[in-house]
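Inspection log for the structure reproduced underneath, given as C-alpha cells.
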C-alpha cells in the first residue's frame, strides 16, 4: 500500500512558539454554543434570568455521543438564541459576566484520583464535558470506552501539532508537562493490558521534547518519540502507523488495532477533572498571523468571542484577508468576529489578502498530486467530482466518510479546486441522507 502521504506547508510558528501562555481578558458577555462537539447538541438546563456560577453545568449531553457544557464565569443568563459559529448559526446560551467569579461545586471531590475505579474515571471524564481538544471534539469518555472484546495495549499522546501557526499544544507541553504526565497516570488505569505509552512530538518542537522527556524520566514503558515534521503528522490513523506500524482499516477505529490516541490538552483536562474536580471551562489558544499586531498564546475561558482575543493582541496592524477558527489547513473561515472560542479551538489564524487569495479555479490537469499527499490513501478529485455530479453513492463508495479533512488536497492542487470544501459538503450530505 502507498505510504502515508503528507505535505510541507510553511510552519509559520516563529512568532508564538517561544511566547509563554498569558491570561486572556474575560469579556462582559460570553457565548456558549450547545454544539461544540461531535454528536448530538447539548440540551440547555438553564433559563433566561438564571444566575450561574463558574463551573456550573448549563447544558447537558443530548445523547451517548454528546458532551456537557459548563459556564466559565459567574453571572446571568441573558439569552438562549441562535448565534454565529464557525459552522453556521447555532443555538447558544448567552451569559453576562458579573466579574465576581463565584465558584460552583467541584464535579468530584478533589485529590481522590488515585482512589478512583475505572468506572469512576470514565464517569468523571464524561461529567466534565471533555472532548478531543486538538480540534476533533469527539467526546473523550466514549473514546475511553472501547467496544467489548477490544483490548488496548498502546496509549498514544498526540503532541504533533502539525497545523501551521498553532503553538498552543507546544506551550502546554512546555509549561504543563507535569499535568500531562499526571493525566497519563490517571488514564492508563483504564487499560490493564497497556504495554506502552508513546508521546509523539514533531521534531520542530525541541523545547517540548525536552520538557516531556524530563517529566517522564524514570517512567516505565513511556516513550517520548520525535516525529518527522510533516503535515498532517498528527492525524490519528497516521500517528498510529508512525508509532506502532499498525494500520487502522478504512472506516475502522483505533481500538481495532489496540490503540487509543489522545491530544496533550485533552489528557491534561482529564487530570484536571479527576484530580482537581474541574470541568472543561478553559483552553489554550494561539492567536497569530501577519495582520495580528502582537501574536500570543492565551489561556481563554470557553465562550469568549474572538474579537476579545484579537483585541488582547493589539488588534490588526493591516486589513486582514481572512480570519480562521483554527489553522490555514483545517480551520474554518469566520465572517463574524463575535464567534466564540469552543472546546476544540486550538488557534485563531489571520491571513493577509495575498495569503487568503486562493486564485481562480481551473479544470483538473490530472497531476495526481492530491492522491500523493492524502494521508489516508483516498482519491480526493474523484470524490469531489462525484459530489459535483450529485452522485453521493459514488462519493461514499470512494471513501468520502474516511476523509480526515486535513486540507492537504486543496493545499497542493495547482488548479485551485476546493477539494476539501467539496468533500466536507459530500460528507454532510451523506450523513443527512443516512439520517433519513
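The values are calculated or read from the model by the stated rules, or taken from the named source; none is laboratory data. In this text, all values refer to a predicted model and were calculated from it rather than measured experimentally. Cβ coordinates were reconstructed from backbone atoms using ideal geometry, including for glycine residues, and neighbour counts include every protein chain displayed.
Residue 348 passes every criterion in (1) in contact with a strand residue (DSSP E or B) (Cβ under 6 Å, 6 or more places away or on another chain); (2) modelled with pLDDT under 95; (3) closer than 30 Å to residue 308 by Cα apart from (2).
When residues in the stretch 108-130 are screened for being surrounded by 15 or more Cβ atoms within 10 Å (Cβ to Cβ) and at positive phi, 1 of them pass.
Specify which of the listed residues (123, 100) is over 23 Å from residue 172 (Cβ atoms), free of Cβ contacts under 8 Å to residues at least 60 places away in the same chain and either touching a helix residue (DSSP H, G or I) at 6+ places or on another chain (Cβ under 8 Å) or assigned by TED's automatic domain parsing to the domain that holds residue 256 (or both).
Testing whether each residue is over 23 Å from residue 172 (Cβ atoms), free of Cβ contacts under 8 Å to residues at least 60 places away in the same chain and either touching a helix residue (DSSP H, G or I) at 6+ places or on another chain (Cβ under 8 Å) or assigned by TED's automatic domain parsing to the domain that holds residue 256 (or both) leaves just 123.
Residues checked against (1) surrounded by 17 or more Cβ atoms within 10 Å (Cβ to Cβ); (2) more than 24 Å from residue 117 (Cα to Cα); (3) modelled with pLDDT of 95 or more:
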{"site": "186", "(1), (2), (3)": "yes, no, yes"}
{"site": "196", "(1), (2), (3)": "no, no, yes"}
{"site": "199", "(1), (2), (3)": "yes, yes, yes"}
{"site": "206", "(1), (2), (3)": "no, yes, yes"}
{"site": "209", "(1), (2), (3)": "yes, yes, yes"}
{"site": "212", "(1), (2), (3)": "yes, yes, yes"}
{"site": "215", "(1), (2), (3)": "yes, yes, yes"}
{"site": "221", "(1), (2), (3)": "no, no, no"}
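Quick one: which residue in 383, 348 is in a helix (DSSP H, G or I) and either buried (at least 16 other Cβ atoms within 10 Å of the Cβ) or at negative phi (or both)? Checking each option against the conditions leaves just 383. A search for C-beta distances below 6 Å between a residue of the stretch 199-227 that is assigned by TED's automatic domain parsing to the domain that holds residue 187 and on the phi > 0 side of the Ramachandran plot and any residue that is modelled with pLDDT of 95 or more and surrounded by fewer than 21 Cβ atoms within 10 Å (Cβ to Cβ), counting only pairs 6+ apart in sequence or on different chains, returns 221/196. Do we find that residue 47 is assigned to a loop (DSSP other than H, G, I, E, B), free of Cβ contacts under 8 Å to residues at least 40 places away in the same chain, over 19 Å from the mean Cα position of the chain (by Cα) and under 30 Å from residue 164 (Cα atoms) in this structure? Spelling it out, it is not the case that residue 47 is assigned to a loop (DSSP other than H, G, I, E, B), free of Cβ contacts under 8 Å to residues at least 40 places away in the same chain, over 19 Å from the mean Cα position of the chain (by Cα) and under 30 Å from residue 164 (Cα atoms). Checked against (1) surrounded by 17 or more Cβ atoms within 10 Å (Cβ to Cβ); (2) over 28 Å from residue 123 (Cβ atoms); (3) at pLDDT 95 or above, residue 159 meets all criteria but (2).
Determine whether residue 175 is under 21 Å from the mean Cα position of the chain (by Cα), surrounded by fewer than 20 Cβ atoms within 10 Å (Cβ to Cβ) and more than 30 Å from residue 409 (Cβ to Cβ). Lay out the reasoning, then the answer.
Values: under 21 Å from the mean Cα position of the chain (by Cα): yes; surrounded by fewer than 20 Cβ atoms within 10 Å (Cβ to Cβ): yes; more than 30 Å from residue 409 (Cβ to Cβ): yes.
For residue 175, the condition - under 21 Å from the mean Cα position of the chain (by Cα), surrounded by fewer than 20 Cβ atoms within 10 Å (Cβ to Cβ) and more than 30 Å from residue 409 (Cβ to Cβ) - is met.
Quick check on residue 278: is it over 20 Å from residue 138 (Cβ atoms) and modelled with pLDDT of 95 or more? Against the criterion (over 20 Å from residue 138 (Cβ atoms) and modelled with pLDDT of 95 or more), residue 278 qualifies.
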